[in-house]
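Here the structure is laid out as structure tokens; the discussion comes afterwards.
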């Protein structure tokens, strides 16, 4: 499953999963509003499975006794595989709560429009900072296991917070290449699925 808004991309992959009535590959474009409604329905019930079907124009989701229908989007989804990082060699392990708290503290001083925060990676430390002409500036730091060349990169603070909310509690891994290339965030612990979150950098 893949979703993108042009600035970030979420990719979830689950291997060795078999679906009744499906042979080979099936691709479907689902509207964001339909996914939001589906999540709301799933959160309000203890049903463990979702039944899915479609025709040429409509998508059908059955959650217990409830049926959600949505129009099927037409067109071509972007070639997301081209933007998935393949050589982000600068990798650090962080506790999700530590990163989330630091982002929240620093982001209060970020520009309201861009929400940009600066991440400076150095030996043993990740420094986070933000500034604006209206609110001033703020800096925070987190100890890390990083050993390598320094790197400074900018990201939208809200995008990082959204990833941490989706990933849940636990350690996360931040993987970078350089200041101009997309960064990758992912849960550090192994799950029965693979979750990758790609964020485009910002000029800072």
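For the chain, find the longest principal axis of its Cα atoms and tell me its angle to the long axis of helix 157-167, 0 to 90°, nearest 10.
The two axes meet at around 50 degrees.
Do you know the relative contact order of the chain, to the nearest whole percent, from alpha carbon pairs under 8 angstrom that are 6+ apart?
After rounding, I find 22 percent.
Let me make sure I get this right: for the range 2-57, a, b and c are the square roots of the gyration tensor eigenvalues over alpha carbons, sorted descending. Under 1.5 in a/c it's rounded, otherwise prolate if a/b > b/c, else oblate. Which is it?
rounded
Please report the spacing between the Cα centers of the range 136-184 and the range 1-32 in Å, no decimals.
Their Cα centres are 26 Å away from one another.
With an 8 Å cut-off on Cα pairs and a minimum separation of 6 or more residues, tell me the relative contact order of the range 30-74 in percent.
Result for the range 30-74 is 35 percent.
Between residue 113 and residue 166, 0.36 nm times their residue separation minus their Cα-Cα distance comes to what?
16.8 nm
For the chain, take the longest principal axis of its alpha carbons; what is the angle in degrees between that and the long axis of helix 32-43, to the nearest 10 within 0 to 90?
So the helix axis and the longest Cα principal axis differ by about 80 degrees.
Just want the ordering: 29, 68, from fewest to most Cβ atoms lying within 10 Å of their own Cβ.
Fewest to most other Cβ atoms nearby, the residues stand as 29, 68.
What's the exposure ranking of 135, 74, going from fewest to most Cβ atoms within 10 Å?
So the residues, fewest neighbours to most, are 74, 135.
Roughly what would the spin-label model give for residue 145 and residue 39, points 7 Å off Cα along C-beta, in nm?
3.1
Relative contact order for the range 82-199 using alpha-carbon pairs under 8 Å, separation at least 6, rounded to a whole percent?
29
Pick out which of 51, 137, 175 has the largest mean-square fluctuation in a Gaussian network model of the chain, springs linking Cα atoms closer than 10 Å.
Fluctuation is largest for 51.
Mind checking the angle between helix 96-107 and the chain's longest principal axis? C-alpha axes, 0 to 90 degrees, to the nearest 10.
Taking Cα atoms only, the helix is inclined about 60 degrees.
How far apart, in nm, are the 7 Å Cα→Cβ label points at residue 68 and residue 192?
Result for the modelled spin labels: 2.1 nm.
Coordinate-derived values only; no laboratory data. Computed from a predicted structure; not experimentally measured. Counting neighbours? That spans all protein chains shown, and the Cβs are built from the backbone with ideal geometry, glycine included.
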